[in-house]
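Contents: one structure, followed by commentary.
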Amino acid sequence: MSETSNEVGEALAEICEAAAALILPLWRSGLTVVHKADESPVTEADRRGEALILEQLARRFPGVPVISEEDASEFGTPDAIGPRFFLVDPLDGTKAFVRGDTHFTVNIGLIEDGRPVAGAVVAPPTGEAWYTAGGRAMKRIQGGTAQPVRVRPWPPGEAVCLISHTMKEETIQALADRYGFDKREAMDSSVKLCRIAEGAADIYPRHGPTMEWDIAAGHAVLAAAGGRLTTPEGEPFLYGKASEGFRNGWFVARGG
């Protein structure tokens, strides 16, 4: 790997921004949606974004393996993976993308020894980019000057939970009883982790299925911003679960 660990996050942000520029013109363009074996949607935007990311990762980080969503969907995941690899989701929030909503992201995370050590998340509609750099989380908009972001302390009586659009009211109430938040906001994709990282929300409990590439980049950003993502019991959340097809268990992301 040519870049130092401090430089990796910014390099990943540049790649994500290039993929976002490729994807954005396809948003709200009426492009064809097909469905994978698990009935999840995939579009030409997913495929073009992934092709660009894989090419640039191979050029900038030769020899580092990559696990990427669309490739994994078509060809399956490896039975084993080494201690260092990238996780790529070229378009997280495809359902939102198809609906014309703004909550979709481009994601690349670097895993070392089971933990996310660098990552970048870009929201194409707004041009927001969050990434790790020098042990901090940074944010820039439309390629402008980056500023550090940080989680906020838990605000008693005002804590905001991020939920999915499809969550039932009884499920939300059960989560509120368990985690003690006061407000909720619905949104899709890994942008939820970035909103917590920048101090705009406080908790994101996910008691449902996700894949490692869905959250690795956002996890890296959140951790660099002073937040944490753990199992519901508070145990470390690890990556590289090749024997489980890179599927995640439940998790809870929190700010300060």
Subject >> Gyration tensor (alpha-carbon) shape descriptor, the range 52-179, a/c threshold 1.5 >> reply: prolate
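Could you tell me which of rounded, prolate or oblate describes the range 138-183, using a ≥ b ≥ c as the square roots of the eigenvalues of the alpha-carbon gyration tensor, with rounded for a/c under 1.5 and, failing that, prolate when a/b is larger than b/c and oblate otherwise? Intermediate results must be reported in sequence, preceding the final value.
Values: a/c = 4.78, a/b = 1.95, b/c = 2.45.
Oblate, since a/c reaches 1.5 and b/c is not below a/b.
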Subject >> Peptides ranked, highest mean first, by Cβ atoms within 10 Å: ranges 217-224, 105-112 >> reply: 217-224, 105-112
Original post:
Stretched out fully, how many nm does the piece from K241 to T210 gain, at 0.36 nm a residue minus the Cα gap?
Top reply: 9.9 nm
Original post:
What spacing in nm lies between the two simple spin-label points modelled at M167 and I141, each 7 Å away from Cα in the Cβ direction?
Top reply: 2.6
Subject >> Inter-site label distance for T231 and F75 at 7 Å from Cα along Cβ, in nm >> reply: 3.2
**OP:** Arrange the peptides 205-215, 116-126, 132-142 so that the one whose residues have, on average, the most other Cβ atoms within 10 Å appears first.
**Re:** 116-126, 205-215, 132-142
**OP:** Quick one: what are the phi-derived ³J(HN,Hα) couplings along the range 208-225, Karplus 6.51/-1.76/1.60 with θ = phi - 60°, whole Hz, x for glycine and proline?
**Re:** x, x, 9, 10, 4, 5, 5, 10, 4, 5, x, 4, 4, 5, 4, 5, 5, 8
**OP:** Go through I141, F104, Y131 and say which Cα lies farthest out towards the positive end of the charge dipole of the chain; charges sit on Cβ, +1 for Lys and Arg, -1 for Asp and Glu.
**Re:** I141
Original post:
Leaving out same-chain residues fewer than 8 places away, which lysines sit with a Cα under 29 Å from that of K183?
Top reply: K95, K139, K168, K192
**OP:** Go through [x] 1.27; [y] 0.94; [z] 0.98 and flag the label whose value is the computed Cα Rg over 2.2 N^0.38 Å for this structure.
**Re:** [y]
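What does DSSP give for the range 94-187 in terms of the percent of beta bridges that are antiparallel, rounded to the nearest 5?
Values: 20 of 24 bridges.
Given both bridge residues lie in the range 94-187, the antiparallel proportion sits at roughly 85 percent.
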**OP:** Pull up the DSSP beta bridges for the chain and report the antiparallel fraction as a percent, rounded to 5.
**Re:** 85
Original post:
Under a Cβ-Cβ cut-off of 15 Å, what is the net charge of the residues other than P155 that fall near it, where Lys and Arg count +1 and Asp and Glu count -1?
Top reply: +1
Subject >> Local net charge near A129, Cβ-Cβ under 12 Å (Lys/Arg +1, Asp/Glu -1) >> reply: -3
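A short reminder: the numbers here are calculations on the coordinates, not readings from a lab. Treat the numbers as computed from the prediction; the structure is a model and nothing was measured. A quick note on method: Cβ atoms are made from the backbone with ideal geometry, for glycine too, and the neighbour counts reach across all protein chains shown.
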